[in-house]
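The values are calculated or read from the model by the stated rules, or taken from the named source; none is laboratory data. Keep in mind that what you see is a predicted model, and the values were worked out from it rather than measured. FYI the Cβ positions are ideal-geometry reconstructions off the backbone, even for glycines, and counts take in every protein chain you see.
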């Protein structure tokens, strides 16, 4: 999926750069439009070129339609998440959920700063956290603890059945001697159980 996104993005960028460059060349009279028309007529006389041009045109049209539909879907969602309860649907702003997660993250001493982004795709809630951590311990154990802590508390508070895909991206590690060193996961399980059992109301902070 990421490869397809990169291909679409590259094609779109190439198209925009080509159109922009062409307009600049014409506006500065570096390229004569009459010469351009003559070159185009010579190419159009070739059947093979016309067939290739038809395929390229169809691909660009499909790409434009896909981009338009994705944009319209994003506009329709309006940055809202919808959950189905027995008594009816409940909608909550994505920004509100992101703020809740940021408040939860503040209670994890190893997190210095975090940026949360949430999207809903294919019956799953995708959460990406770009974090700056302050730790001298095992990064793998620490990020696993952060993932488990945030996803469990989020699912508990929202009461959703959809799966939560929690991706943690460590953007920076800073040294902080006030944070105790934890190796081989020691202390993280206990910290998780303690934090989850406390279950504070983060929405009231």
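Selection of region 161-189 for residues being modelled with pLDDT of 60 or more and either assigned to a strand (DSSP E or B) or crowded, with 17+ Cβ neighbours inside 10 Å (or both) yields 163, 164, 165, 166, 167, 168, 169, 170, 171, 172, 173, 174. Counting only residues that are more than 41 Å from the chain's Cα centre (by Cα) and at pLDDT 85 or above, region 13-31 holds 1 of them.
Residue 194: assigned by TED's automatic domain parsing to the domain that holds residue 91, surrounded by fewer than 17 Cβ atoms within 10 Å (Cβ to Cβ), assigned to a helix (DSSP H, G or I) and at pLDDT below 70, yes or no? Against the criterion (assigned by TED's automatic domain parsing to the domain that holds residue 91, surrounded by fewer than 17 Cβ atoms within 10 Å (Cβ to Cβ), assigned to a helix (DSSP H, G or I) and at pLDDT below 70), residue 194 qualifies. Out of all the residues in region 17-27, is one or more assigned by TED's automatic domain parsing to the domain that holds residue 59, farther than 19 Å from residue 53 by Cβ and in contact (Cβ under 8 Å) with a residue 12 or more places away in the chain? No.
Under the condition of being farther than 14 Å from residue 130 by Cα and either outside any helix (DSSP H, G or I) or at pLDDT below 85 (or both), the residues counted in region 89-106 number 5. Can you say whether residue 147 is more than 27 Å from residue 70 (Cβ to Cβ) and either within 20 Å of the chain's Cα centre (by Cα) or modelled with pLDDT of 90 or more (or both), as far as the supplied structure shows? Yes; evaluated as a whole, the condition is true for this residue. Scan region 53-83 for residues that are at negative phi, modelled with pLDDT under 75 and touching a strand residue (DSSP E or B) at 6+ places or on another chain (Cβ under 8 Å) and report the count. So the count comes out to 3.
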